[in-house]
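Before any comments, here is the structure.
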Amino acid sequence: MYEEIAEYKELSNNDSVAIPASDRVVRIDHNSQEYIKVLSEIDEVAEAARSSNSLSVDHADELQQRLSELEAGKVLMSAPQTNANYAKELVVNALKWIAEKIMDNLIAVIVGPLMLAFLALLGF
């Protein structure tokens, strides 16, 4: 543990190490086609997850958590600007979980490109 602390101190003192700002704020263009498409596809994935019998039965509590995370991410995206890291954590993690749990070709085809489009929208 002491070695890890020493390594952290060394990294934090090194100016050449770029640590991304955890409070990076990005402006959201609510009229862009990318924004409209991403939010529409998030809704589509959420609806597919909601209507999945296996998720509703086998993972009901976690499904509700993930759907709530998607909704929270959409709320963050509805503001004129948002913390990119917060939105990313909520939406990408929820999408990954849904894609892993639903063995549906439609979801598999949508989620990968959706995550990339969402990240691009946030400037990642």
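The values are calculated or read from the model by the stated rules, or taken from the named source; none is laboratory data. The structure presented is a predicted model; accordingly, all values stated were derived computationally and were not measured. Every residue, glycine as well, gets a Cβ built from its backbone with ideal geometry; the counts of neighbours run over all protein chains shown. With ligands, DNA and RNA removed, areas are computed over all heavy atoms of the protein, side chains included. Shrake-Rupley method; radii C 1.70, N 1.55, O 1.52, S 1.80 Å.
Considering only protein heavy atoms and a probe of 1.4 Å, how much of the accessible area of the stretch 81-124 is carbon and sulfur, as a whole percent? Carbon and sulfur: 60 percent of the exposed surface of the stretch 81-124.
With every protein chain left in place, what is the accessible area per residue of the stretch 64-124 in square angstrom, probe 1.4 Å?
Heavy-atom SASA per residue in the stretch 64-124 reads 51 Å².
The label-point distance for N31 and D104, in a model that sets each label 7 Å from Cα toward Cβ, rounds to 3.4 nm. Seen through its C-alpha gyration tensor, with square-root eigenvalues sorted a ≥ b ≥ c, the stretch 31-124 comes out prolate because a/c lies at 1.5 or above while a/b is bigger than b/c.
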